[in-house]
Amino acid sequence: MGKQWDYFHRTTDRKEHMTVLVDAAHAGKPPRPDFPRLLSVVINLYAIASDKKERESAHAKLGMLERSLEETLAERRQALYIGRINTETRLEFYYYAKEGGEPLQGIAAQAMAACPNYRWVASERDDADWSFYAYLRPNEVEKLYARNSILLRSLTENGDRLGIARHVYHWLRFGTKEDMRQAADNAKRLGYSIVNSDTDADKPAFQHTLIISKKHALAIGAMNDSVGELYALAREYAGKYEGWGTDTRRKLWRKLKEGIRGRRIALAGIVLLAAALIALPWIVVR
C-alpha cells in the first residue's frame, strides 16, 4: 500500500500550534485488527533551540532518524508508520504494530544512538480501534489547510515567487441569494472585495456563487487564516467553501524558457485533491 501524506497545521484547544503529517492511505477503512499496538517515539527539541550548531544540522539528522525508525520498526516489529506531529518543543512519530515482538524501548534506543544529545521517550499501548489515527486525521477545514500546503509547494516548484503580494480569489456557494448577500456583507467587513456573484442552475443545492478577493503574499499562515475564516463564513450561511486561486508570478528564467503566456488564474481547492500524492519535504513539507 503506497503512502498518501496529508500535511496540515492544527491549533489545539490549549492553543498549542502543531503541524501534522498523516498517511491518508488508511482513511475510510476499518482498523487493521492485525495491527492493534500503537507505538510512539517522542523527541524533545530543546537541544535544537539552545544550540546553534545543532540547529544547522537538525533537519538532515532528524530526517535520517525518521527513515531509520520507520525501516527498523517495519523490519523488527512489522510496524506501519502512520504519521508525525511537530510542535515548537517536540517531534512525535507514530506507528501501528502487531502483537508481541521485540520491546520498543530497545529498538528506539539503537536508532536514537545517532542523536546522543536528544532526550526522548518511547511508549506502546493497545489501540485496536485505531482511535489515535482518527485523532491524527484532518477535519474538514484542516483538509483545506492540507491542500494549501500542496498547492503552495506545487506553485513554488513551478517557479512562482510566493512572497510577491497579489490578489487571491475565493469561491463560495450558497443555497439562496439572501444567504449569499449576507455572506458578502460579512466578507467585506473582513477586508475582502467582492469580485462577482452569479447563479448556476446546474447546481440546484448551491446555485449562488460568490467570488471575493484579498491582496497578500502566499504565505502558508495567511492562506490558512483566509481559508479558515471563509470556511466558517460559508457554514454560517448554510453554504460551502469551494477553494481559491491566484495570478501566478513566475521567475524570469522560467518565463524566458516557457514563453510569457500572460496572467493566469490557477483554481485551487477541491479539484487539487489529486495532488495529495506529491511528496512533501522534511519538516516544512515531507
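The values are calculated or read from the model by the stated rules, or taken from the named source; none is laboratory data. As the structure is a computational prediction, the values presented were derived from the model and not from experiment. Note that we place each Cβ from the backbone using ideal geometry, even for glycine, and neighbour counts take in every protein chain shown. The accessibility values were calculated without ligands, DNA or RNA, using every heavy atom of the protein model including side chains. Shrake-Rupley method; radii C 1.70, N 1.55, O 1.52, S 1.80 Å.
Using a probe of 1.4 angstrom, how much of the accessible area of the stretch 1-104 is carbon and sulfur, in percent? Write down the numbers at each step before the final one.
Values: 2670 of 5290 Å².
Carbon with sulfur: 50 percent of the solvent-accessible area.
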request  = Would you mind checking which residues have amide H under 5 Å from ARG166's amide H? H placed 1.01 Å from N; only 5 or more apart, or other chain.
outcome  = HIS216, ALA217
query = Whose amide H sits under 5 Å from the amide H of HIS208, counting only residues 5 or more places off or on another chain, with H placed in the peptide plane?
reply = PHE174, ASP200
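Report the calculated FRET efficiency for THR72 and THR156 (r = Cβ-Cβ distance, R0 = 41 Å), to the nearest 0.05. Please list the in-between numbers first.
Working: r = 33 Å, r/R0 = 0.79.
My answer for the efficiency is 0.80.
Measuring with a 1.4 Å probe in the full set of protein chains, what accessible area per residue, in whole Å², belongs to the stretch 1-106? Walk me through the numbers on the way to the answer.
Working: 5430 Å² over 106 residues.
Ligands and nucleic acids excluded, the result is 51 Å² per residue.
Order these peptides, 36-46, 214-224, by their mean beta-carbon neighbour count within 10 angstrom, highest first. Before the final figure, lay out the partial values.
Numbers: 36-46: 18.8, 214-224: 16.2.
Ranking, from highest mean packing down: 36-46, 214-224.
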3J(HN,Hα) from dihedral phi, the stretch 215-220, Karplus parametrisation 6.51/-1.76/1.60, rounded to Hz, x for glycine, proline = 9, 5, 6, 8, 6, 4
request  = Could you sort 110-118, 60-68 so that the peptide with the highest average Cβ count within 10 Å comes first and the rest follow in order?
outcome  = 60-68, 110-118
query = If the chain between THR11 and ASN117 were fully stretched, how many nm would it gain, using 0.36 nm times the residue separation less the Cα-Cα distance?
reply = 35.3 nm
